[in-house]
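Nothing in this text is a laboratory measurement; each read-out follows from the coordinates by a stated rule. None of the values given here were measured: they were computed from a predicted structure. Reconstructed Cβ throughout: ideal geometry from the backbone, glycine too, with neighbour counts over all protein chains shown.
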Amino acid sequence: MTPRLVLIATCVLVCGLLSAPAPAEAYVGPGAGFAFVSSIFILLFTMLLAVVTLLTWPVRLAVQKIRGNRALAASRVKRVIVLGLDGQDPELTEQLMDEGVLPNFSKLRQQGSFHRLRTTLLAESPVAWTSFQTGCNPGKHRVFDFLVPNRKSHLPELASARVEPPKRTLPLGPFRIPLGKPLITAGRRSQPFWKTLGDHGIVSMILRVPITFPAEKFNGTLLSAMSVPDLNGSQGTYYYFSSDTDEQLTMTSGVRVPLEWTNGVARGVFTGPENSLRASGGELSLPFEVRAGSNGHAELDINGVVHPLKRREYTPWITLDFKPGLAMTVTGIVRFYLIETAPHLKLYMTPINIDPDQPALPISHPFTYAIYLSKTQGRYSTLGLCEDTSALNEEVLNEDAFLQQTYLIHEERERMFFDALDKTSRGAVVCVFDITDRLQHMFFRHLDETHPANRGRDDKHKGAIRKLYIEMDALVGRTMEAAGDDTALFVMSDHGFKPFRRGVNLNTWLYRHGFLAVKGDGPTGADMFGDVDWARTKAYAVGFGGIYLNLEGREAKGIVKLDAVKQLKREISDGLRALVDKVEEVRPVREVYDATEVYSGPYVADAPDLIVGFRPGHRVGWASVTGGIGDEVIEDNTRYWSGDHNFNPPDVPGMLFSNRPIAVDSPGIMDIGPTVLDLFGVAVPSYCDGQSLMPAEADADTEDATKTRSGSARAAAL
Amino acid sequence: MGALVNLINSVLTRIFDVICWPFRALPPIWALGVISFASGIFLVWLFGKTSDQKRVREVRDRIRGNLIGVRLFQHEIGVVLSLQGKIFGDTFRFMGLALVPLLIMLVPVLLIMTQLQLRFDVRPLEVGEPVLVKALVREASTLDGTITLEVPEGVTVETPPVKIRSTREIVWRLRVDRPGDHALVVRVGDEVLEKRIVAGRGWGPAAYLRSGHTLDTLLYPGEPPIAADHPLEAVEVAYPPQDLSLLGIRVNWLIGFLILSMAFGFAFKGVLGVEV
């Protein structure tokens, strides 16, 4: 009997039973009852919607025509696609185009244009992508780095967003019922170009552009990216379950859960987010059990569900339900990666991502957009920095596992991106892919044979970056296919990439030169300025190149008087410029910038006082980033994180491809937003530092004439 | 087949008697509520076990997602219509996925319904309340012979029988003066058939039809089926309808069961981890 006949027979049988002359058969109970009642409801509802849509279609078309004509009257395009490939290096791209392995990039260059794209100071994603979206220099949008110091405590904190629990709670026995939502403050100021577009009736779909958390209201849809926390409130805390007590690992970004692996069974409990519902606080926990299976596989029993764990494969997203009390549930999602079951059990778990199916924080606009994506495409990573570079750096994951994870995330992003293209016939689609940044950070050592990070490591993934660029070329090809003639396509990166061979511990240098003082006999290696004697400290470094003066009246324990600022800046700048790396026989500092000279706008006072522009190969040392004082001023970088972009910005430009020619010879990242506005016929706001790369009048210009123009003329010096 | 159905009915009737026993002093809506609760949970659990939950979840999620999409992409008419098409397709796909569980669930639902009908569709007679008793003969010619109704003490036949040839029926009007479960005997020539009649015991099982058809035996439990060679095809006592009310509102037992079981099932589907 064919399946078709079975179906027909089943239908006939059901119809027969339903038509039997008794009331009992009119109902088939909950379950099937729901299925049919809700299906009929959905069908009726959808039919009603369809009828309403069709009946109102002429009216809507007319309104759209009028609105659209108004919105798109001066528009030169129907659609703009910005495909962001975070950190894709123009030099490497050009090299591979010359080798002929990037045919789509080459085609795009031939059809339209290819340029290096001036990046921001600092040359890093939070700063650059914020300048991209606002068209402003950091002095106007206030995002100067990943980390900035809290002027009251001097402690480093995230520059882009702050999440605090609701201020008011209702005590109820052992519980504290929150009266309101968590308080989320965005660090970014100014306004993204898609908000301006929306105000003019042009709808945008924005996917995973860094520094878009919390998601702000505008006329379009947006999914947040960088700075979305995990359920623990951190920027990504992974878990490592291991029965190997002899294993020596230095884990600073993960939680190690020791297990006993007896007769192929391990039971344990791990802790997740803080229980903010209980007055006594504490962390929510989940018990679990791992049982060994055959061929090195296992199974995981958690939340009453058994999940197969295949050796060296990621599980699909698994939902974790934490119970804080009062019948409430806090839901997160994770993937597991079984490293081994013999002789020890070693199991990795990703940071607990906010569940997009029921988001605990505003990770999208509208709030339902995250849910829409989850329902139609399956669950996906929501964490800001979702590729777990820390787990590889700390050698919990190996390169294979990291690659697998990164490509899984990339597949999710691609699905979202092409869905957005499918849903947008008019308007802007912007999507940033992070894989280019994360893989280059972790695999750049393979492009530099003498890199210190190569010591003792194999070159199995020597071709990882080449393969990555080829994959991106294929993505560009698919995007070009989806873009029609009336679509302006931009493929861009926010900065380039170079090897990160040596770390320069700025706080160590400041300490050794008397600008930073410590308590006791000397630095103990404490993080977060644990050793610092603020009463005698004139300057300190936080983040990826910023140096802050301990200014009286600004810093809580400031001692530097205003009239000493100029001299102090000069001393530090001159000293750093003169610094020599005796091992590599180079001066690691190319330039030291004075914030008041390179930034403009109302937030310059919040910027680091000095910003160090490093020569490629040298970057801020790991200890210095979070306020530590390392043993050495300059030391080898032996971590997997072997490539970087926090160098002197002119040395690490981004790239810009377009399917149209551009009218300047030196475009900057601040020009992209204004260009999109201009293409849609929307006036570029006066506060923007960038300018259109495709002004209408340029269409008639000759090629020679365009060569004389320069992008973002009003922008800061860089 | 008839014997098997009779056996199942007997067992189920006993089980439901036990379930209803604690509620006999309360209005019948209480018992209906408890049975609806238990049925709701059981049937949702059964749906979970008999359906492809992974695919059901996928399809339901897609429907929900695309419904959100219709709202999100209002400005794109083409997209909205395309999403509506997808919702249509997925709804039929979902109904397809529910077909097999539906077939399986028909069996327990039918059995539960018959027991509910036995208890909540009609009510036993009140003492002194008149009632019609109707016998259906297999052959109209049987009506030409003698058909008598013998009643026990405490039951009075109020009217002589009325024969209706066109429908092969003979009808009496009775009155029950003594509470209890009485046996009426319909005599057709040498053949006799017993039919129970209940009066004055509050609410409880009241089988209004005793029949020779297997399907009727299934649908109207409470008494054994009539033998196939018996001249009578069915005997029916026209009990008055059961008066079910909730918060002063009259409720049909079927509607009440439908709403209550769905509500309980819906409330507990999350606990049971079942997608419906």
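Can you compute 3J(HN,Hα) from phi for each residue in the range A:463-475, using the Karplus curve 6.51 cos²θ - 1.76 cosθ + 1.60 with θ = phi - 60°, rounded to whole Hz and x for Gly and Pro?
Result, rounded to whole Hz: x, 4, 6, 4, 4, 4, 5, 5, 4, 5, 4, 5, 4.
Straight-line reach from residue A:561: which lysines have a Cα under 30 Å away, not including same-chain ones fewer than 8 places off?
A:140, A:152, A:519, A:538, A:569
If R0 is 35 Å, what FRET efficiency do you get for residue A:169 and residue A:319 from their C-beta distance, rounded to 0.05?
On the way: r = 27 Å, r/R0 = 0.77.
For R0 = 35 Å, the calculated efficiency reads 0.85.
Among A:252, A:295, A:281, whose Cα sits farthest toward the positive end of the charge dipole of the range A:223-323 (+1 at Cβ of Lys/Arg, -1 at Cβ of Asp/Glu, about the Cα centre)?
A:295
Excluding residues fewer than 8 places away in the same chain, name every one of the lysines whose C-alpha is closer than 19 Å to that of residue A:78.
A:65, A:195, A:423
Quick one: pull the percentage of alpha-carbon pairs in the protein assembly as shown with a separation above 52 Å. List each step's numbers first, then the result.
Values: 181599 of 493521 pairs.
Tail fraction, whole percent: 37.
Would you pull out the residues with amide H under 5 Å of residue A:491's amide H, same chain only if 5 or more places away, H placed 1.01 Å from N?
A:83, A:657, A:658
Under 1.5 on a/c is rounded, so check that first for the range B:98-143, then, if it is not, pick prolate when a/b is larger than b/c and oblate when it is not; a ≥ b ≥ c are the square roots of the alpha carbon gyration tensor eigenvalues.
On the way: a/c = 6.36, a/b = 1.60, b/c = 3.97.
Because a/c hits 1.5 or more and a/b fails to exceed b/c, the range B:98-143 counts as oblate.
Would you mind checking the range A:218-240 for residues with the amide N under 18 Å from a putative spin-label position 7 Å along Cα→C-beta of residue A:56?
A:220
Residue by residue through the range A:96-111, which ³J(HN,Hα) values in whole Hz follow from phi under the Karplus form 6.51 cos²θ - 1.76 cosθ + 1.60 (θ = phi - 60°), with glycine and proline marked x?
Each residue of the range A:96-111 in turn: 6, 5, 5, 6, x, 9, 10, x, 6, 4, 4, 5, 5, 4, 5, 5 Hz.
Can you sort A:154, A:645 so the residue with the fewest Cβ neighbours within 10 Å comes first?
A:154, A:645
How compact and how long is the range A:235-354, expressed as Rg and Dmax of its alpha-carbon atoms in Å?
14.4, 47
If you average the sequence gap of Cα pairs under 8 Å that are 6 or more apart and divide by the length of chain B, what percent do you get for the contact order? Please report the intermediate quantities before stating the final value.
Details: 454 pairs, mean separation 74.6, N = 276.
Normalised by residue count, the contact order of chain B is 27 percent.
Using a ≥ b ≥ c from the Cα gyration tensor of the range A:501-651 (square roots of the eigenvalues), is it rounded, prolate or oblate, where a/c under 1.5 gives rounded and otherwise the larger of a/b and b/c decides, a/b for prolate?
Details: a/c = 1.73, a/b = 1.18, b/c = 1.46.
Here the range A:501-651 falls in the oblate category.
Would you mind computing, in nm to one decimal, how far apart the modelled labels at residue A:177 and residue A:360 are, each placed 7 Å from Cα along Cα→Cβ?
Each label point lies 7 Å from its Cα, and together they span 2.1 nm.
Specify which residue in the list A:52, A:316, A:667 is farthest towards the positive end of the charge dipole of the protein assembly as shown, using unit charges on the beta carbon of Lys, Arg (+1) and Asp, Glu (-1), about the Cα centre.
A:52
Please give the contour-minus-distance gain from residue A:565 to residue A:586: 0.36 nm per residue of separation, less the Cα-Cα distance, rounded to one decimal in nm. Spell out each step's value before the answer.
Numbers: separation 21, 0.36 × 21 = 7.56 nm, distance 2.87 nm.
Roughly 4.7 nm would be gained on extension.
For the range A:155-248, which GluC sites (Glu not before Pro) pass both filters: DSSP loop (anything but H, G, I, E, B) and at most 15 other C-beta atoms within 10 Å? Show your work: numbers first, answer last.
Details: sites: A:157, A:216, A:247; in loops: A:216, A:247.
The qualifying sites are A:247.
Which value, in debye to the nearest 20, gives the size of the charge dipole of the range A:235-354 about its Cα centre, when Lys and Arg are +1 and Asp and Glu are -1 at the Cβ?
Values: 10 positive and 12 negative charges, 45 e Å.
With only Lys, Arg, Asp and Glu charged at Cβ, the dipole is about 220 debye.
Give the lysines reachable from residue A:181 as a straight Cα distance under 20 Å; neighbours fewer than 8 places away on the same chain don't count.
Here the lysines satisfying the reach criterion relative to residue A:181 are A:167, A:217, A:323.
Over the range A:554-678, what is the relative contact order in whole percent, taking alpha-carbon pairs under 8 Å and six or more residues apart?
Details: 88 pairs, mean separation 21.6, N = 125.
With pairs under 8 Å counted, the relative contact order is 17 percent.
Residue A:383's amide H: which non-local residues (gap 5+, or another chain) put their own amide H closer than 5 Å, with H modeled 1.01 Å from N in plane and none for Pro or chain starts?
When sequence neighbours closer than 5 places are left aside, the close amide H contacts are A:354.
Work out from phi, with θ = phi - 60° and the Karplus expression 6.51 cos²θ - 1.76 cosθ + 1.60, the ³J(HN,Hα) of each residue of the range A:445-455, listed in order in whole Hz, and give x for Gly and Pro.
4, 5, 8, 9, 4, 9, 4, x, 6, 7, 4
Note down the relative contact order for the range A:529-574 as a percent, whole number, built from C-alpha pairs under 8 angstrom at least six residues apart. Don't jump to the answer; show the numbers that get you there.
Details: 42 pairs, mean separation 12.5, N = 46.
Result for the range A:529-574 is 27 percent.
State whether the range B:130-237 is rounded, prolate or oblate according to the following rule on the C-alpha gyration tensor (a ≥ b ≥ c being the square roots of its eigenvalues): a/c under 1.5 gives rounded; otherwise a/b larger than b/c gives prolate, and the remaining case gives oblate. Don't skip to the end; give the middle numbers.
Numbers: a/c = 1.92, a/b = 1.22, b/c = 1.57.
Verdict is oblate for the range B:130-237.
For the range A:420-487, run through the trypsin sites (Lys or Arg not before Pro) and keep only the ones in DSSP coil with at most 16 other Cβ atoms within 10 Å of their Cβ.
Values: sites: A:423, A:426, A:438, A:445, A:455, A:457, A:460, A:462, A:466, A:467, A:478; in loops: A:426, A:455, A:457, A:460, A:462.
Of the trypsin sites (Lys or Arg not before Pro), the ones in loops of the range A:420-487 whose Cβ has at most 16 other Cβ atoms within 10 Å are A:455, A:457, A:460, A:462.
Restricting to the protein assembly as shown, what percent of DSSP beta bridges are antiparallel, rounded to 5? Walk me through the numbers before you get to the answer.
Numbers: 113 of 149 bridges.
In the protein assembly as shown, DSSP labels about 75 percent of beta bridges as antiparallel.
Put a dot 7 Å past each Cα toward the Cβ at residue B:38 and residue A:73; how far apart are the dots in nm?
7.4 nm
Hey, got a sec? Which GluC sites (Glu not before Pro) in the range A:435-498 land in a DSSP loop and have at most 13 other Cβ atoms within 10 Å?
A:449
Scanning chain B for GluC sites (Glu not before Pro) in DSSP loops with at most 15 other Cβ atoms within 10 Å, what's the longest stretch left with none? Please list the in-between numbers first.
Working: sites that count: B:126, B:139, B:153, B:158.
Longest run free of exposed loop sites: B:1-125.
Search the structure for amide H atoms under 5 Å from the amide H of residue B:196, placed 1.01 Å from N in the peptide plane, and list their residues when 5 or more places away or on another chain.
Amide H to amide H, under 5 Å and 5 or more residues apart or across chains, residue B:196 pairs with B:184.
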